[in-house]
Each structure stands twice: as C-alpha cells, then as structure tokens.
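Take a look at the structure below.
The values are calculated or read from the model by the stated rules, or taken from the named source; none is laboratory data. Keep in mind the model is a prediction, meaning the values are calculated, not measured. Reconstructed Cβ throughout: ideal geometry from the backbone, glycine too, with neighbour counts over all protein chains shown.
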C-alpha cells in the first residue's frame, strides 16, 4: 500500500493557480526527488503532503500510522530566543532514540552549542536528526528488516547553502538510509547531478506534473529537456547573447517561463 | 506601608508572573507590537463594556479577538509581516475608545484610569483574578511549551510533530487578550506592554534556555513592580510610569553587560 496518495490536487491562492491537477503516489522504499523551477509549487506540494495546507481540490490519502520526518528548508529561530541544540532536539526526539541519532549524525559535540551559532551544514544535520529521530530507530541500526516501516523522510532543498563536501556526505547518508534500511525518501532539490545519482524516481513539477520516471529515462523526455536545458545548450545561448548576465539559473528559469 | 500599597505590589507582581512567559512568546515571534495594539484596542473594549453595561473583561477580550481575527484574514498568521495594519488597528481603536468615552459620558477620572492605570482602584476580586491568570498562564506554559517553541521555529516542523501551529498561536493570543483585559485597570492601556516586553529584553543575555528566560523575565517584572511602586509611594509619582521606568533602568543595566 502506498505511503501517500494524492488524487487530482489543485491549490489556488485567490485566483492564482499554484498547483494544477497533481496526482502522485509515494510507494514504500522509493527515493523520489521533486524537481522544478522556482515558483513551480514544490514547497506548496510538500505542505499539502504533510497536512499543513488543505488543497483547494482533490484528495490526500495517508497510510494509517504513517510517520513523517520533515527537514524544512529553513527555520526561523528568533535571535532573542535562547535555544541550545540539545534543548531543541529534546523537544523533538524521544529519549530512547536520542543517543543513537546524535552519534550517527555526529552532533554529540554540538549539543551544548546555541542553535544560532551553527554553520549551514551543522544546522542541516541537526534538522535531519530531528526528522530521523521520529522513526523507530531499531529498524535503522539493526537494518535488514524484511518489512518496510511506515515512515517517510521529507527534505525541502537540503543542499541549499551547503558546500560540496557536506552535499556528498548528505547524499551518501540518504542513499544508505534508502538502500540498506529501506527508508522512503521524498526530497526537493535543484541539484540535477545529485538527483540522477541518488534517487530512484524523479518527478518534474511546474504547477502540474510535467514528467516523471526513473532518472535515466527522464532526462530523455522532451518536457524535462524543455524545463532543464543541458549545460551545453545554455552555454551556446550565452555565446550568442551579448547583453547577457552570468547567472545561468536565471536563464534556466526564463526558459521554464515559456513552458506550459 | 498601608494595605493599599501592599495590594498594589501584589497585583503588579502577580501580573508580572504572567507577563514574563507571555512577553517572551511575543518577542520570540516579533509580536511586541501586537501586544501594544491589543492593549490600545482594549480601551475600545472598556468603552463598549461601559456603554452596554457588560463586564469589562468580556468586552476587552471580544474586541481584542475580533481585531486579531480581522488582521489574520488580511495577512495570514504572520501578523508582524503587516505592521502598518497593526498600527492602524492600534490608533483607530484608541480613537474609537476615546470617542465612546466622551459620548457615554464617563467621568474624566475613569478614562485616565484605563489609559494610565490606577493601582489604588484595586479590589480584592482583582487580586484573585490576577492570581488565577498567573496560574492559567503557567499551566498553559508547561502544557504547551513544546507546541509553542516548535511552532515558533517552523510551521512545517510543528505539523510533523503532531502539533497544530495555528492552534498554538491562537492560545497565546487568547491568553494575551485575557491578561490585558485583567491588567488594564491597574497598569493602563498605554503601559501594559512595558511590563510585558521590557523585562524580557533585560534577561536576554542572562538566560541560556527558553524556559529559564520565561522565569527570569517574570522575576525581573516582579522586581520592577516593587521598585516602581516604592518610588511611586515615596516620591508621589504615577505608579505605572514609575514601574515602566524601573523596568527600563534594569534593561539599561543589562545592556551594559554586552
């Protein structure tokens, strides 16, 4: 049975369409990456999946007892709120899971630090610990249980603001979780390289689902190529443009604007 | 030291016990301006209550919650994102309150009392209700501490930890409205925020955890109340102004540390 099933979801704010007729299923054991240009509705879709937003139309179905761990894109801890890593995680993780999670994610030495002074990579690890800590941790450490637990890890652009080293570490970790512990993962990412290496499924979103499939198949699809022109075609675009700017991302987004 | 003075100290201290955690929750969500708006709006609530002969607490809570409701309709939950609307609500409700006060017509001392507070107007019933407020505040703080901290950090995070961020937020706003409705007679619409926000700022370098910051803020509020009332008693200056200045002096002292 699917962990999550979305049937014909639409979401509008006033008259503006944010999501249009999106249907998808998240099956146990999948590592799905959600990609799409800025403003494609990725974060809105995640908010609908976790139940923070109600869709304007359509149905969301969660498996019974589905346990979702969520790594938000950013958190807003007011500078005037004193919060140590330890105090934050103790609000999130049950006592018997804490030590294992702290060790595995290497945050033991961060515990007494203030959450305000963490680096981007450290904060990301703390947020990941918060999400992983919700899961029945025995299945992770002792691995190889035949049953996939009813648990789903969701990450919203986890690599943003991370250096390459931290990105690689994160991907290794997620791949291990997925392959060895059968953890189901849904991740939003802009990093196409990463997407193609780590995930088992790719969903390409631009208000509606443009295309989806296995990473090796999807890069051949026309809709994908239209949304994410390869480096070569972007570069050749540069070569002919004399009043260009050097922000390739902007150009990519611009191309996506023509889409749909 | 007479009974009136002791009653005043008890009332202000009891209110400070609630103001500590509430003030922290406001400041951590950049909502100090909301507590100002709601205390000003409370004056309109008082005026309407006097006009229709209703209990003041009821009128104030209704007006405050209505204003929050309309603000949320316009801006979503993030009230601080729209300080201009907060300012309008604040000034207009203050103006409305003043007009109604003139129309009813209430004696001038009564308007002064609700604007600037009057610790001499205390009844033993007021002390009881402030004590109940302190109990409710700390009961909710212990019960909802986790809900509030996680909701204040991220709505998404809260939802996945089985916390309703909207509800957590509404509980705080409702508690704020209740506290204001009970304190307006003692401290006055213009100075309630002072006892709620200034002590929080005084302990910002002192506390290492959110929970201890709430407790320290309450303690500093009590100290400011006692110091302010003593000054008011000896030098014959208005009590709520003296308390505000006492709190501000503690704040300035705390700033020297950094």
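Mind checking whether some residue in the range A:18-25 is at pLDDT 90 or above, more than 14 Å from every other protein chain (Cβ to nearest Cβ), assigned to a strand (DSSP E or B) and on the phi > 0 side of the Ramachandran plot?
Yes, the range A:18-25 contains at least one residue that is at pLDDT 90 or above, more than 14 Å from every other protein chain (Cβ to nearest Cβ), assigned to a strand (DSSP E or B) and on the phi > 0 side of the Ramachandran plot.
May I ask you to verify whether residue A:56 is away from chain B (no Cβ under 14 Å) and under 30 Å from residue A:20 (Cβ atoms)? Even if it seems obvious, please write down each step before you answer.
Values: away from chain B (no Cβ under 14 Å): yes; under 30 Å from residue A:20 (Cβ atoms): yes.
Here the answer is yes, as residue A:56 does meet what is asked.
Test residue A:53 against the criterion of being within 19 Å of the chain's Cα centre (by Cα) and outside any strand (DSSP E or B), and give yes or no. Outline the logic, then answer.
Numbers: within 19 Å of the chain's Cα centre (by Cα): yes; outside any strand (DSSP E or B): yes.
Yes.
What helices (runs of 4 or more DSSP H), lying completely within the range B:141-224, carry at least 1 residues that are away from chain A (no Cβ under 14 Å)?
B:165-187, B:192-202
Could you check the range A:69-93 and list, in sequence order, the residues that are farther than 24 Å from residue A:177 by Cβ and touching a residue at least 24 places away in the same chain (Cβ under 8 Å)?
Initially, the range A:69-93 is screened for residues farther than 24 Å from residue A:177 by Cβ, giving A:76-84, A:87.
If the condition is that a residue be farther than 24 Å from residue A:177 by Cβ and touching a residue at least 24 places away in the same chain (Cβ under 8 Å), then A:77, A:79, A:82, A:83, A:84 are the ones that fit.
Test residue A:129 against the stated conditions and say whether it is assigned to a helix (DSSP H, G or I), buried (at least 17 other Cβ atoms within 10 Å of the Cβ) and in contact (Cβ under 8 Å) with a residue 24 or more places away in the chain. Explain how you work it out, then say what you get.
Working: assigned to a helix (DSSP H, G or I): yes; buried (at least 17 other Cβ atoms within 10 Å of the Cβ): yes; in contact (Cβ under 8 Å) with a residue 24 or more places away in the chain: yes.
Yes: the conditions hold for residue A:129.
Look through B:127, B:120, B:111 and report the one residue that is over 26 Å from residue B:30 (Cβ atoms), over 17 Å from the mean Cα position of the chain (by Cα), in contact (Cβ under 8 Å) with a residue 24 or more places away in the chain and not in a loop (DSSP other than H, G, I, E, B). If you could, list the steps in order and put the result at the bottom.
Working: B:127 fails: over 17 Å from the mean Cα position of the chain (by Cα); B:111 fails: in contact (Cβ under 8 Å) with a residue 24 or more places away in the chain.
None of the other options fit; the residue is B:120.
How many residues are surrounded by 13 or more Cβ atoms within 10 Å (Cβ to Cβ) and in a loop (DSSP other than H, G, I, E, B) if we restrict to the range A:56-73? Please lay out each step first, then the result.
Filtering the range A:56-73 for residues surrounded by 13 or more Cβ atoms within 10 Å (Cβ to Cβ) gives A:56-58, A:60-63, A:66-73.
Now narrow it down to the ones that are in a loop (DSSP other than H, G, I, E, B): A:56, A:63, A:66, A:72-73.
Count: 5.
Which ones in the range A:94-122 are within 14 Å of chain B (Cβ to nearest Cβ) and in contact (Cβ under 8 Å) with a residue 12 or more places away in the chain?
Kept after step one, since they are within 14 Å of chain B (Cβ to nearest Cβ), are these residues of the range A:94-122: A:94-95, A:97, A:111-118.
Hits for the range A:94-122 are A:94, A:97, A:111, A:112, A:113, A:114, A:115, A:116, A:118.
Of all residues in the range A:177-200, how many are outside any helix (DSSP H, G or I) and either without any contact (Cβ under 8 Å) to a residue 24 or more places away in the chain or surrounded by 22 or more Cβ atoms within 10 Å (Cβ to Cβ) (or both)?
So the first thing to find is which residues in the range A:177-200 are outside any helix (DSSP H, G or I), and the list is A:182-191, A:199-200.
This time we only want the ones that are either without any contact (Cβ under 8 Å) to a residue 24 or more places away in the chain or surrounded by 22 or more Cβ atoms within 10 Å (Cβ to Cβ) (or both), so: A:183-189, A:199.
Summing the residues that are outside any helix (DSSP H, G or I) and either without any contact (Cβ under 8 Å) to a residue 24 or more places away in the chain or surrounded by 22 or more Cβ atoms within 10 Å (Cβ to Cβ) (or both) in the range A:177-200 gives 8.
All but one of (1) farther than 30 Å from residue B:55 by Cβ; (2) more than 17 Å from the chain's Cα centre (by Cα) hold for residue B:166, so report the exception by its number.
Of the numbered conditions (1) farther than 30 Å from residue B:55 by Cβ; (2) more than 17 Å from the chain's Cα centre (by Cα), the odd one out for residue B:166 is (1).
Of the residues B:150, B:187, B:191, which is within 30 Å of residue A:156 (Cα to Cα) and buried (at least 20 other Cβ atoms within 10 Å of the Cβ)? So that I can check it myself, show each step before the final result.
Numbers: B:187 fails: within 30 Å of residue A:156 (Cα to Cα); B:191 fails: within 30 Å of residue A:156 (Cα to Cα).
Being within 30 Å of residue A:156 (Cα to Cα) and buried (at least 20 other Cβ atoms within 10 Å of the Cβ) holds for just one of B:150, B:187, B:191, which is B:150.
Quick one: in the range B:27-48, of everything that is within 14 Å of another protein chain (Cβ to nearest Cβ) and farther than 13 Å from residue B:176 by Cα, which residue is modelled with the highest pLDDT?
Per the criteria, the residue is B:28.
Which one of B:51, B:24 is in a helix (DSSP H, G or I) and modelled with pLDDT of 90 or more? Give the steps one after another, and end with the answer.
Numbers: B:51 fails: modelled with pLDDT of 90 or more.
None of the other options fit; the residue is B:24.
Which one is farthest from residue B:27 (Cα to Cα) among residues in the range A:75-93 that are in a loop (DSSP other than H, G, I, E, B) and more than 7 Å from chain B (Cβ to nearest Cβ)? Walk me through how you get there before you give the answer.
Taking the range A:75-93 and keeping what is in a loop (DSSP other than H, G, I, E, B), we get A:75-83, A:93.
This time we only want the ones that are more than 7 Å from chain B (Cβ to nearest Cβ), so: A:79, A:93.
Working: A:79: 10, A:93: 26 Å.
Ranking the qualifying residues of the range A:75-93, first place goes to A:93.
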